[in-house]
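Notes follow once the structure below has been shown.
The values are calculated or read from the model by the stated rules, or taken from the named source; none is laboratory data. Note that the structure is predicted; figures quoted are calculated from it, not measured. Counting neighbours? That spans all protein chains shown, and the Cβs are built from the backbone with ideal geometry, glycine included. Note: areas computed on protein heavy atoms with side chains; ligands, DNA, RNA excluded. Shrake-Rupley method; radii C 1.70, N 1.55, O 1.52, S 1.80 Å.
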Amino acid sequence: MPFNRYLRPLARLGPGLVLAVAATGLAFIVHAMLPAVPAMTAAVALGLLSANIPGTAVWTAGRARPGLDFAGKHLMRAGIVLLGLKVSMVDVLGLGWTALLLITGVVLASFTGTYGLARLLRLPRETALLIATGFSICGASAIGAMAAVRRIKHQDTVLPVALVTLCGTLAIGVLPLLMHPLGLSPERFGAWTGASVHDVGQVVATAQTAGAAALGIAVVVKLTRVILLAPITAAAGVQQRIVHRRERAGILAAGGPDGGGGAFPPVVPLFVLGFMAMVGIRSLGWASPVALEAAGAVQDLLLAAALFGLGSAVRIRTLLHTGGRALLLALGSWLLIAGLGLGAVWIMIR
């Protein structure tokens, strides 16, 4: 029966996708009741609860797992594509070249510093790379993009996503408390938030505590960091291709079989190219305000469902046993990017 080709995947993925959709709706209800809690953070928290409460843990680890993994991987990529519609190069260039260079410097320094600290802590290279990417650019979205470029297993993204969400949530509570002790104006506080907080939703939740002026500059600075997702993942793809070539050449030189078939990992995945295409559409003004608003709503839904899927794979007991050094790295990276961002803001806004 030709229908079986479609019914089998639906039967396999359906339970997990239905659960992800229901959890996404609940996450937005939580956000509506508690505006200080971003829907993305609520989605991850709900995923963590579902994975660790006895009544639901068996379901998320069993019948719902294929659909939840699909959400964590494929819905995340679709959300990243639509994220490009939030970025206007006109707004980014409006910051001025000094600000752009400073923001780029913060991203590169935090990426390099986090990766170096991870290696000192003897964390696996893949974990180090994903945490450095997520903390320096745009949280879970950046982790998903880097994992695709480097062909890192989906389950290996779970811990970095949990850590970047945890630290981003801490920023919502901690950074506003430091605004007055540090003598920051609303504009400086907003720029600091945009330069140092990870997820876009977390940036909004943090910056809005200082008013509209802080929120406006925070979003622009944050989206300037987001645009760096494409060149950094492209650089990672080039490096991966070089390694792939060397490994294949070594096998051939040793007289082994050519198992590569001439295929190399893509330098930039299609969904990252889609992200850049969406940036172009937004920058050229080809999308109406209504279309941008609708796309933004869909993007939020996709990312929330994806983050629930990732959160539902985190077992707290396992995390406590295996994630101690990673947690130390996350806190160190959080402090590093906050310090770098604060220094850049004092130079950027006088």
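For this structure, a couple of remarks:
- From phi via Karplus (6.51, -1.76, 1.60), per-residue ³J(HN,Hα) for the range 92-101 in Hz, x at Gly/Pro: 4, 5, x, 5, x, 5, 4, 5, 4, 5
- Look at the Cα gyration tensor of the range 16-135: its axes a ≥ b ≥ c give a/c of at least 1.5 with a/b at or below b/c, and that counts as oblate.
- Each Cα pair under 8 Å and six or more residues apart adds its separation to the average, and for the chain the resulting relative contact order is 33 percent.
- The range 144-233: C-alpha gyration tensor shape, a/c 1.5 cut-off, then a/b vs b/c: prolate
- In a DSSP loop and with at most 15 other Cβ atoms within 10 Å, the trypsin sites (Lys or Arg not before Pro) in the range 97-147 are ARG122.
- Solvent exposure of the chain as accessible area per residue, Å², 1.4 Å probe: 46 Å²
- Among the protein heavy atoms of the chain, carbon and sulfur supply 70% of the accessible surface, probe 1.4 Å, non-protein parts ignored.
- Straight-distance crosslink candidates among lysines, where the alpha carbon sits under 20 Å from LYS222 and sequence neighbours closer than 8 are dropped: LYS86
- Couplings for the range 41-58, taken from phi via the Karplus curve 6.51 cos²θ - 1.76 cosθ + 1.60 with θ = phi - 60°, read 5, 4, 5, 5, 4, 5, x, 4, 4, 5, 7, 10, 8, x, x, 10, 4, 5 Hz in order; Gly and Pro are left as x.
- Within the chain, longest stretch clear of exposed chymotrypsin sites (Phe, Trp or Tyr not before Pro) (DSSP loop, no more than 12 other Cβ within 10 Å): 4-285
- Estimated dipole of the chain in Debye, rounded to 20 [Cβ of Lys and Arg +1, of Asp and Glu -1, Cα centre]: 940 debye
- Cross-link partners of LYS73 among lysines, defined as those whose alpha carbon lies under 16 angstrom from its own and excluding same-chain residues fewer than eight positions apart: LYS153.
- Each residue of the range 196-211 is assigned a 3J(HN,Hα), and the resulting list reads 10, 8, 7, 8, 4, x, 5, 4, 4, 4, 6, 6, 5, 5, 9, x Hz, derived from the Karplus form 6.51 cos²θ - 1.76 cosθ + 1.60 (θ = phi - 60°), x at Gly and Pro.
- Secondary-structure-derived ellipticity at 222 nm for the chain, considering helices only, amounts to -25000 deg cm²/dmol, per-run term -39500 (n - 2.57) for DSSP H runs with n ≥ 4.
- Global geometry of the range 92-189, whether rounded, prolate or oblate, following the gyration tensor of its Cα atoms and the 1.5 cut on a/c: prolate
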